[in-house]
Every structure is written in structure tokens, then in C-alpha cells.
Amino acid sequence: MTLSSPLLLAVGLLVTVALAWAAVVSARRRTAALAAAGVAVPGGRRTHLGIGLTISGVAVLAIATAGPTAMLPVPRTAGTVILAMDVSNSMGADDVAPTRLAAAQRAARAFVAAQPGSVDIGVVAFEQGALITARPDADHSVALKAIDRLKITGNTSLGTAITASLSAITGKPVAIGRDGTAPDIGYWPSATIVMFTDGQNHGQDQNQDQNVEQAAAVAQKAGVHIHTVGVGTTAGATVKVNGYLLQTSLEEDTLTLIARTTGGAYHPAADAARLDGIADTINLRLTVSDEPLPLAGGLIGLALALLTGGAALTVLRSGRVI
């Protein structure tokens, strides 16, 4: 417990001691005077209790005026969340109305709106490559604007999406070497990646793409959970790319693997309704932080109760307050 005004506490305790000393002296003088007059000395437990309650009330009030504050551990949702948004050609499919990307954008906006100000949110747009379009910030309007600007382009590289998201979390470039060497990026237990994608991984050029399993392993080692949100249906749909019609469908196995590797969860969202409710199904980290709790109000209430009890007992004993 800390005090904002220790001097007030010292003064209040001196007043309390003075009152207690005065009460003792007054009682002794009264007892002596009554004894000298041959009068039986009244008293008893009620008398002592009333005085004790009154003095205790003054003591508690002295502590309250000093502004006591206790530090209590309070769990809350906090940390960093990166929304990794798939903007590859397959996200133009309409098996989730109106398109996979449009539905994912709507779900991402709802997710951002549901987060408290203690969560910093960033956005990464990924296809063959990946771009940090909004760095983690407590100002969630930045993330919302980045989500609204997303446009469909290119193929898909899930591994690059993960490493780019880790770069946004750490604030420095994260990449897996061409020989498969995984970097040590430290430990980030309060960070989470939420990946909206259909799971199709087309970026298999080893000179450009990051291996999905290796990237997920880096996240797992760093304590970063990845929640994957599958946007699309297993039946799939066709999209037109460069004049060709291509069949595309939701690939759940890869998304499940990524989530399990990192301690996250896979959230299937085969239709717009399930995507709209995705914010309620993704559990972010709970952190425990010490927050100040002012105690003055409670102590003042206790002091008033003690003073009221002391006054009531005094009235019952003598018929007067003083």
C-alpha cells in the first residue's frame, strides 16, 4: 500500500493518540471525583466500547485522508494483434458472398471494433509477397483504414504472411534463410496473429517463398499464437485470372497445421454469417498488470460507521452525545 500524503497520516495519528490520552485522563478524573463524593462509579463495557469505537473511527479517518492506494493484479486483454489479410487472386471467389475478400474485410472490421484500447492492432496484406500496411497501434482507426484499402492481386504465400506479421510485431525484418535457417526473434508471448485466408499456398518458388512449416515454427518458438480463419468453402468456386478460369477451394489442412503448431486455433468460416461472428470466437491473450486501487472511499465509509456506532453507544449510556 502506498500513501499520497504521509504527512497527513502522521498528523491524523497524533490527533488520535491525543484523543485517546484525553479520554483516559478524563475517565480517571471523573472516577476520582465520583469516588471522593461517595458516588458509585457508573461505566461498564458499553462505556469503554463507545469510546473505543469513536477513537477507532478517528484513526481510520486519519488513514483515509492520507490517500492510501493498493496495487492489485488485474487480468485484461492486452498486447499486439496482427491481422494478416490474404489478397491473392483466389480471394475474389464468390462462394462466400459477395467475395471472399469482401467478407473477410467485413469480419476483420468487426474484430477490430470488438477489441479494447489496450490492444495494439496492425495489418499485413499478403499474396506472393507481403506488405505491412498498418503497424501495430492503439489507434484502431489506422487498422480500419488499412483494411478498407485492400485490393486483390497475385498468388499466395502463407509463409511470407507469417514472417511479415512477425516483422510487424518485432519491428525488424524477419526472414528464413534459403538454407532453412530460422532466426531467433526473441519471446513475444503477448502477440497474436489472426490470418484471414482461403489457405491456398501457391508461392512455392524457394528463392522467394518462405516455407510455411518453418515460418510457423519460428512463431511458435517466439510464443506468438496464430489463429487462422478459413474464408471460403471446400466445394469452392471459379475465378478469372489473366483471362483463364481457375478452380479454387478452401484448404483447411494447412490452416489447421499452422494454428496447432503455434498454439492457436483454426476457425472455419464457410459463409458470411459465420465470418460476422468470428470476433467472438477468437480468444486473445489475458495479461495480468498491477493497477492502483484507491482505498480512501472504503476507509471513509468504515470511519463513519465506527463514529456513528461510538456516538450511538454514548447516547444510550448517558442520554447525550458529549
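Readers should treat all values here as calculations from the given coordinates under stated rules, not as data from a laboratory. Small disclaimer: the values here were computed from a predicted structure and weren't measured. As a convention, Cβ positions derive from the backbone with ideal geometry for all residues, glycine included, and neighbour counts pool all protein chains shown.
See the values below:
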{"item": "Correct choice for Rg/Rh (Cα atoms, Kirkwood Rh) that was computed from the model, options (1) 1.06; (2) 1.39; (3) 0.96", "result": "(2)"}
{"item": "Proximal lysines to residue 172, defined as alpha-carbon separation beneath 19 angstrom and excluding residues fewer than eight positions away on the same chain", "result": "221"}
{"item": "Tilt relative to the chain, helix 252-262 - C-alpha long axis, 0 to 90 degrees, to 10", "result": "40 degrees"}
{"item": "Amide H partners (placed H, <5 Å) of residue 185, local residues excluded", "result": "none"}
{"item": "Cα long-axis angle, helix 296-318 against the chain (0 to 90 degrees, to the nearest 10)", "result": "20 degrees"}
{"item": "Options 281, 67, 196, ranked by Cα towards positive dipole end of the chain, top entry (Cβ charges)", "result": "67"}
{"item": "Within straight-line cross-link reach of residue 240, aspartates and glutamates at Cα separation under 12 Å, skipping those fewer than 8 residues along the same chain", "result": "94"}
{"item": "Sorted peptide list for 102-108, 303-309, criterion being average Cβ within 10 angstrom, highest first", "result": "102-108, 303-309"}
{"item": "Interchain or long-range residues, amide H under 5 Å from residue 264's placed H", "result": "226"}
{"item": "Given charges at Cβ of Lys, Arg, Asp, Glu: the chain dipole, positive-most of 229, 32, 159", "result": "32"}
{"item": "Mean Cα-pair separation over length for segment 144-235, i.e. relative contact order, pairs under 8 Å, 6 or more apart, %", "result": "38 percent"}
{"item": "Charge dipole magnitude, Cβ of K and R +1, D and E -1 - segment 102-153, Cα centre, debye nearest 20", "result": "180 debye"}
{"item": "Computed magnitude of the charge dipole of segment 75-288 (debye, nearest 20; Cβ of K, R +1, Cβ of D, E -1)", "result": "480 debye"}
{"item": "Principal-axis tilt of helix 45-65 within the chain, Cα atoms, nearest 10 degrees", "result": "40 degrees"}
{"item": "Listed peptides 211-224, 11-24 by packing density, highest first (mean Cβ within 10 Å)", "result": "211-224, 11-24"}
{"item": "The chain, relative contact order in percent, only Cα pairs under 8 angstrom and at least six apart counted", "result": "25 percent"}
